[in-house]
1. Would you look at the GNM of the chain, springs on alpha carbons closer than 10 Å, and say which of T34, T127, T219 moves the most?
2. What value, in deg cm²/dmol to 500, does the helix sum -39500 (n - 2.57) over DSSP H runs of n ≥ 4 give at 222 nm once divided by the residues of the chain?
3. Under a GNM of the chain (C-alpha, springs under 10 Å), which listed residue has the highest mean-square fluctuation: K101, K22, K170?
4. Report, in degrees rounded to the nearest 10, the 0 to 90 angle that the Cα long axis of helix 45-59 makes with the longest principal axis of the chain.
5. Would you mind telling me which residue in Q124, Q135, Q233 has the biggest mean-square fluctuation in a Gaussian network model of the chain, where springs connect alpha carbons within a distance under 10 angstrom?
6. What whole number of Å gives the distance from the Cα centroid of the stretch 185-218 to the Cα centroid of the stretch 14-90?
7. Provide the convex hull volume over Cα atoms per residue for the stretch 25-162, in Å³.
8. Do you know the relative contact order of the chain, to the nearest whole percent, from alpha carbon pairs under 8 angstrom that are 6+ apart?
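The values are calculated or read from the model by the stated rules, or taken from the named source; none is laboratory data. Remember, it's a predicted structure, so these values are computed and weren't measured experimentally. Please note: Cβ atoms are built from the backbone with ideal geometry, for glycine as well, and neighbour counts cover all protein chains shown. In case anyone asks, the SASA skips ligands and DNA or RNA and just uses the protein heavy atoms, side chains included. Shrake-Rupley method; radii C 1.70, N 1.55, O 1.52, S 1.80 Å.
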Amino acid sequence: MKKFLALIAIVVFFASCSEYQKALKSEDIAVKFTMATKMYEANKHNKAIRLFEQIAPSYKGKPQAERLFYMYSQSLYKTNQFYLAGYQFESFSAGYPKSEKVEEALFLGAKCFSKLSPVYSLDQVDTYKAIDKLQNFIDVYPNSTYLAEANSLVKVLREKLEKKAFENAKQYNTISDYKAAMVAFDNFIINYPGTPYKEKALFYKFDSAYNLAINSVSTKMEERLNAAIAAYQSLIKFKPDTEYKTKADEMLARIENDLKQFSK
């Protein structure tokens, strides 16, 4: 009995494959549409995509076009082809603004860009695009069932930009470009006032000010030592028990000692 059922399954499989191949080679777009729909509903999205690509131009303006382009967009999305899926969802939203699927399509189109957002250390063009598109979705559909997910995605993307900005500022400190580091950390703190990196940013600004000061020519040293003290005070004011307290106090002692030469 088991062998018989297995044989039937094999026959059905090859019959299905043969039917699909016939649809691929057929000149009848209705046959292709029917088979593409069948593949889509069976979650065979790559096979559906091949057929959708063949017939999409022919169906523009036809009554079935809305359904076709929705399934095509979803198939691209479900096969992780996010650039193409994002484009298709946006085209769908623009082409069928009254569709019951337009809200979902606009959201998924924006979500595609969030999927394309790279690690923080790389160029963040797609991250900015994703934030803009998700924010546009939130503005257009403030009561959407997708609102919580959209807000969550925006939060993650903004945190990525925040981390990149912090690491960029820190890089100036690492390469000993202390003037640039101080400016970068000031800008970072202004742009991200509630950042979890604020303590680190304040310490590395102090560290940059300290190194700039102690390595200065005598004509600029006093001013820069005092600027370093101000940076130290900002750190301690923000977090008196900072994890950098021991090191910062040692640096402050050096600054105060170096300042003595200017009080004589």
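1. Fluctuation is largest for T219.
2. Mean residue ellipticity at 222 nm (helix-derived): -26000 deg cm²/dmol.
3. Comparing K101, K22, K170 in a Gaussian network model of the chain, the most mobile one is K22.
4. 70 degrees
5. In this elastic network of the chain, the residue with the biggest mean-square fluctuation among Q124, Q135, Q233 is Q233.
6. Between the Cα centre of the stretch 14-90 and that of the stretch 185-218, the gap is 55 Å.
7. Details: hull volume 15.7 nm³, N = 138.
Per residue, the Cα convex hull of the stretch 25-162 comes to 114 Å³.
8. On the way: 262 pairs, mean separation 21.7, N = 264.
Once normalised by length, the contact order is 8 percent.
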